[in-house]
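Read the structure below first, then the notes.
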Amino acid sequence: MAVELLETLKDSITAYTGLSPTTFFTVVAVALAFYYVVSEFFGSSDHAHQQRPRDFEEQMQPLPPPVQLGEISEQELKEYDGSDSKKPLLMAIKGQIYDVSQSRMFYGPGGPYALFAGKDASRALAKMSFEEKDLTGDISGLGSFELEALQDWEYKFMSKYVKVGTIKQTVPVSDAAPNGESVESTDGEAKPAEAVASESAKPSEDGPSGSVVAETVDKSDGDVDKKD
């Protein structure tokens with residue numbers, strides 16, 4: 001009975017498709033395999049599309065409000081270069097510090113301007129330089145064109161980012177003692193220079209000096225000569 005059904009099936013395949021049973025089953029197998037591959041491809045693509053919005057939403061989480069730091073040193077500013085994701089991303093221009101966390105794709109790790117983060121990059125921005133020696137706030141010796149470029153950068157930062165502090169300026173200490181400071185006296189005590197000068201002009205407490213006595217004697221002799 002089974003043999004008769006198989007023969008009938010073969011005859012039906014040949015009659016309706018014009019293909020031999022072997023060719024027919026080969027075509028069916030290839031079609032099923034193609035369907036499986038296509039369904040897997042589009043199924044994984046849909047999963048990827050579902051995953052991407054989730055990742056995008058995580059990246060687009062609202063940033064915390066900028067924290068005012070006040071006056072900090074350049075060494076302290078380096079701690080905000082983006083290496084610590086929990087800290088804001090900061091950058092300075094002409095001593096003014098700005099929070100650039102909203103542009104982390106540019107100034108954060110891996111960004112095109114990442115080397116400017118955590119530094120006062122005034123000179124580098126003015127010269128559009130990426131050299132290590134120009135990553136400084138020293139803008140001495142720049143030309144007018146470079147200063148104008150730096151001014152444009154500063155206006156951009158002022159309008160787009162929040163200022164959160166300033167860089168502490170270091171004042172060089174002079175080796176020379178300023179006028180009016182104390183000078184060391186002979187007895188080891190410090191006395192003001194004005195006091196030393198005034199003391200030198202005072203007469204001795206023991207009486208008039210030798211020059212005054214001599215002058216008095218000379219005048220007395222002159223008076224005696226006149227009387228004679």
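Residue check: is Glu58 modelled with pLDDT under 90, open to solvent by 60 Å² or more (accessible area, probe 1.4 Å) and assigned to a helix (DSSP H, G or I)? Even if it seems obvious, please write down each step before you answer.
Details: modelled with pLDDT under 90: yes; open to solvent by 60 Å² or more (accessible area, probe 1.4 Å): yes; assigned to a helix (DSSP H, G or I): yes.
In short, yes.
Scan region 61-77 for residues that are at pLDDT 75 or above and not β-branched (Val, Ile, Thr) and jot them down. Quick ask: steps written out before the conclusion?
Within region 61-77, the subset at pLDDT 75 or above is 64-77.
Answer for region 61-77, where residues must be at pLDDT 75 or above and not β-branched (Val, Ile, Thr): Pro64, Pro65, Pro66, Gln68, Leu69, Gly70, Glu71, Ser73, Glu74, Gln75, Glu76, Leu77.
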Problem set entry | Candidate set from region 78-133 (those that are under 10 Å from the mean Cα position of the chain (by Cα) and part of a loop (DSSP other than H, G, I, E, B)); member that is modelled with the lowest pLDDT | Gly82
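Conditions (1) touching a residue at least 24 places away in the same chain (Cβ under 8 Å); (2) open to solvent by 60 Å² or more (accessible area, probe 1.4 Å), marked per residue:
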residue: Ser122; (1), (2): yes, no
residue: Ile139; (1), (2): yes, no
residue: Asp152; (1), (2): no, yes
residue: Lys156; (1), (2): no, yes
residue: Lys168; (1), (2): yes, yes
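The values are calculated or read from the model by the stated rules, or taken from the named source; none is laboratory data. The structure presented is a predicted model; accordingly, all values stated were derived computationally and were not measured. With ideal geometry, Cβ positions are generated from the backbone for all residues, glycine too; neighbour counts draw on all protein chains shown. Note: accessible area is taken over every heavy atom of the protein model, side chains too, but ligands, DNA and RNA are not part of it. Shrake-Rupley method; radii C 1.70, N 1.55, O 1.52, S 1.80 Å.
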